[in-house]
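Computed from the coordinates by the stated procedures, all read-outs in this text should not be read as laboratory data. Keep in mind it's a predicted model, so treat the numbers as computed, not measured. FYI the Cβ positions are ideal-geometry reconstructions off the backbone, even for glycines, and counts take in every protein chain you see.
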Ligand code: 4NP
């Protein structure tokens, strides 16, 4: 799960997907395309919205995505179109590029809808992000379990 800072959207995506899969068989992680917040806890507003929905994401620390992630993981989900382009620019071979998707395309294929960056907005932006990711992750779970 990849966004820009790895403090708002992708930590929520990581927490939501982790809550829906068996951690013995599926490894879920998140990262940012930027390094501004490396080592930081998720944004307090993400922690709070996760908590409201029964998820604890306070074990997460921000990290920057690296090319090796495109080998380690089978599916790389970008939160928005900018993240998507930046992840693709790290890919060196077609097999790496083929793993990169925009997460909302799982729910609405081909529409290239972005999960809006809630960083500069109000608290309801985080709830909106949660709801979008919760629905998209249900489809991801179905896909990876098939
Ligand atoms: P995220 O949100 O990409 O969902 O983690 C952001 C967090 C920080 C910044 C931008 C977006 N920033 O510019 O610091």
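Overview of values
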read-out	value
Using a Förster distance of 22 Å, the FRET efficiency for residue 41-residue 124 (Cβ separation, nearest 0.05)	0.55
Exposure proxy ranking, count of Cβ atoms within 10 Å, fewest first, for 97, 18, 92	92, 97, 18
Backbone N within region 92-126 under 16 Å of label point (7 Å from residue 66 Cα along the Cβ vector)	92
Alpha-carbon centroids, region 30-104 and region 116-142: separation in whole Å	14 Å
Within the chain, helix-based [θ] at 222 nm, where runs of 4 or more DSSP H residues each add -39,500 (n - 2.57), nearest 500	-12000 deg cm²/dmol
Computed label-point distance, nm, for sites residue 112 and residue 142 using a 7 Å Cα→Cβ extension	2.5 nm
Largest-first principal axis extents, alpha carbons of region 2-145, Å	40, 33, 32
